[in-house]
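J.: Sharing a structure, written as structure tokens. Questions coming.
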Amino acid sequence: MGNVYKNFYKSLYLKSGGFIPAKPLNQNLFPGDYFQIKNGEIIVLGNLYRNGIIAPEDIDLSPLMMLSSANWDFSSGISKPYSGRGHGNSAIDGQFEFSKQVLAFASKGSFIFKADKPQSIKIKNWNDIQQQLIIKLTQTLYSFRELYVVTESAVAESTTLAVSGDKNAELELASDAENFGLVDLFGHPNTKTIQSKGIEYYHRETKKKPAYFKAQKLAVQHEKLAYFITDFIGRNNNSSEWTDQFFDSNFDNDTDYSPQLTTQDSQGVYLDLMQSNELNPNTALLYFRWTETTLDDIEKLFEGDGN
């Protein structure tokens, strides 16, 4: 799945208040699923409830909650150069009317998306269980340094998505539903595709798949990250002088390149540099915290993908 989908992923995140589509798009993600992002894909490693990480008495999930349909019906780079009624003839039924619509996609990555009756289910007591999860997932049960936990999953009665793979793509739709008028045909169950040009993806999903999620991400505490960065820079100062003395050589050891280990994405590198037993079940909360996913995590989903 290339970068052609990135525009849709970012737009859904911003429009829906933080939901991210699964990657690949047909993947199911449930509350309690924990995963890592590897090579641009979501790799589910387990579920908090299925794997017994959360005790039965601490399970607290919401019922299905309705979401705002307006936030799940949007497009980017779409125009409708034609919408109208046409006539056809059938050997059995004779003459009939149908509605026709042409969708034009301005550029590669332009899209149109519609979800019918979106709903979500979420972990209600996240604030109550988040600290025990840090200890269990980084120390007593596992030793994760990078991890996401799904806290809310969204489904819909149906979802329809079309993404262009090239500029000036087109999708021609028609429906013979009575009294349809000139309303949008996209996403309607009676709509048929007449022809398409330059479309990368077009699918209507009628199963209630939890393919959209919100998640919390494991991160290093701000204070510890600042300390790690300062300590790392300090220990690497004057390395050229040490090299000259230790190897007793006249090699050119001026530093022309220094890795940019100053971002949250490099937190695992700093943790690897810690002294043995410095990080343990008693100190885990001093080093780790949970943070909400951001657009940076969507960028991570598309690292290495082609244009």
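J.: How many nm separate the modelled label positions at residue 202 and residue 158, each set 7 Å beyond the Cα in the direction of the Cβ?
T.: Rounded to a tenth, the inter-label distance reads 1.5 nm.
J.: What list of whole percents do you get for P(r) of the range 101-224, with Cα-Cα distances grouped in 5 Å bins up to the one holding the largest distance?
T.: It works out to 2, 9, 14, 14, 12, 11, 9, 9, 8, 6, 4, 2, 0, in whole percents.
J.: In addition: What are the equivalent ellipsoid semi-axes of the range 45-171, built from the alpha-carbon gyration tensor (square roots of five times its eigenvalues), in whole angstrom, biggest first?
T.: That gives 47, 19, 13 Å for the three semi-axes.
J.: Also: Roughly how many debye, to the nearest 20, is the charge dipole of the range 17-156 about its Cα centre, given +1 on each Lys and Arg Cβ, -1 on each Asp and Glu Cβ, and no other charges?
T.: 460
J.: Among 52, 30, 101, pick out the residue whose Cα is farthest towards the positive end of the charge dipole of the range 1-152, where Lys and Arg carry +1 and Asp and Glu carry -1 on C-beta, about the Cα centre.
T.: Farthest towards the positive end: 101.
Any read-out appearing in this document is the output of simple, stated calculations on the displayed coordinates, not a laboratory observation. What you see is a predicted model; the values in this text were computed from it and never measured. FYI the Cβ positions are ideal-geometry reconstructions off the backbone, even for glycines, and counts take in every protein chain you see.
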